[in-house]
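One structure is given here, and the rest of the page talks about it.
Bear in mind these aren't lab numbers, they're just calculated from the coordinates by the rules spelled out. Since the model is a prediction, treat every value here as computed from it, not as a measurement. Please note: Cβ atoms are built from the backbone with ideal geometry, for glycine as well, and neighbour counts cover all protein chains shown.
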Amino acid sequence: MGLFRNLLFFALLILLAACQQATPVCPPATRTPGYLAVSPDQLPTPTPSSGSQTRLIGRKEIRVDKLVEGPLCNDSWRGTVYVTCDVQVYPWQEDPTFLKECQLEVEPNTVVYVAYHNNTAYYNGCSCHTGITPEP
């Protein structure tokens, strides 16, 4: 009976350790975020990435076609995209629809990894930030 209780205790201990929250990818904000204050048409067009590069995402090295830093507008994404912690977005009131008038085109079959979402991969664009429901 004691062996069974010890095994059960260790199994529960391992389960509880596995359920801990992951360490955030982006450091916590230490100041007020630098939200964009100009209209999307006044933002410069981002410079194109110079070829693909690898990023450590989770525990794997993943080849990305584009790294996104700075203003998150006036761009076109395709392939594999990594949105870094240094991205800038427009302020929002309730729903985070900072891409609503942002002129961002995400081509079909694009995979977008977002650092602020703990490197989660998104396969259907960024519709939750545009206010538009994606088509199935």
Worksheet item: Considering amide H positions built from the backbone, and no H for Pro or chain starts, which residues 5 or more places from Ile57, or on another chain, come under 5 Å of its amide H?
Response: Ile62
Discussion item. Can you tally the net charge around Asn119? Count Lys and Arg as +1, Asp and Glu as -1, for every other residue whose Cβ sits under 13 Å from the Cβ of Asn119.
Written reply: +2
Response to the item:
Going residue by residue through segment 63-72, the Karplus relation 6.51 cos²θ - 1.76 cosθ + 1.60 with θ = phi - 60° gives ³J(HN,Hα) values, rounded to whole Hz and with x marking Gly or Pro, of 7, 10, 8, 8, 9, 10, 9, x, x, 9
Fill in: Candidates per GluC sites (Glu not before Pro) in segment 73-117, loop by DSSP, up to 10 other Cβ within 10 Å
Glu94
Worksheet item: Applying 1/(1 + (r/R0)^6) with R0 = 22 Å to the Cβ-Cβ distance of Ser76 and Thr120, what FRET efficiency is obtained, to the nearest 0.05?
Response: 0.55
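Taking other Cβ within 10 Å of each residue's Cβ, how do Leu72, Leu104, Leu56 sort, fewest first?
Ranking Leu72, Leu104, Leu56 by Cβ neighbours within 10 Å, fewest first, gives Leu56, Leu104, Leu72.
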Worksheet item: So which chymotrypsin sites (Phe, Trp or Tyr not before Pro) in segment 54-123 end up in coil per DSSP with only 15 or fewer other C-beta atoms within 10 Å?
Response: Trp92, Tyr123
Worksheet, complete the sentence: In nanometres, the difference between 0.36 nm per residue of separation and the alpha-carbon distance of Asp95 and Arg59 is 9.8 nm
